[in-house]
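Structure record follows, encoded as structure tokens.
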Amino acid sequence: MDLNRIRQILSSSAEIDVTYNGASVWIDHLNEDGRTATVHLRGPLEERTTVEISELQERS
């Protein structure tokens, strides 16, 4: 996924399905480096992790 799309998703009020390594995740925020984002798995666990934005995929 690219930087502009991450920004669009973060500013959207819609629920947009994003995956990381096949798991559905929420994007918490874009990190200052512009290459990584903090995400957490959808569901009861809210463990946050930093991932490369290029590894995030939007499900259509």
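The values are calculated or read from the model by the stated rules, or taken from the named source; none is laboratory data. Only a predicted model underlies this, so the values are computations on that prediction, with no experimental measurement involved. In this analysis, Cβ positions are derived from the backbone assuming ideal geometry, glycine residues included, and neighbour counts consider all displayed protein chains. Side chains are part of the model used for accessible areas, which takes the heavy atoms of the whole protein and leaves out ligands, DNA and RNA. Shrake-Rupley method; radii C 1.70, N 1.55, O 1.52, S 1.80 Å.
Observations on the structure shown:
- Number of positions in the stretch 10-46 that are of a type in the set (D, E, K, R) and under 16 Å from Gln57 (Cα atoms): 5
- Hey, Thr50 hydroxyl-bearing (Ser, Thr, Tyr) and loosely packed, with under 14 Cβ neighbours inside 10 Å or not: yes
- Pairing residues of the stretch 12-38 that are among the acidic types (Asp, Glu) with residues that are open to solvent by 60 Å² or more (accessible area, probe 1.4 Å) and at pLDDT below 95, at Cβ distances under 7 Å and at least 6 apart in sequence or on separate chains, gives Asp17/Arg59; Asp28/Arg48.
- Number of the condition not met by Gly43 [criteria: (1) surrounded by 13 or more Cβ atoms within 10 Å (Cβ to Cβ); (2) more than 10 Å from the chain's Cα centre (by Cα); (3) not aromatic (Phe, Trp, Tyr)]: (1)
- Checklist (1) open to solvent by 90 Å² or more (accessible area, probe 1.4 Å); (2) at pLDDT below 95; (3) under 10 Å from the mean Cα position of the chain (by Cα) applied to Gln57, failing item: (2)
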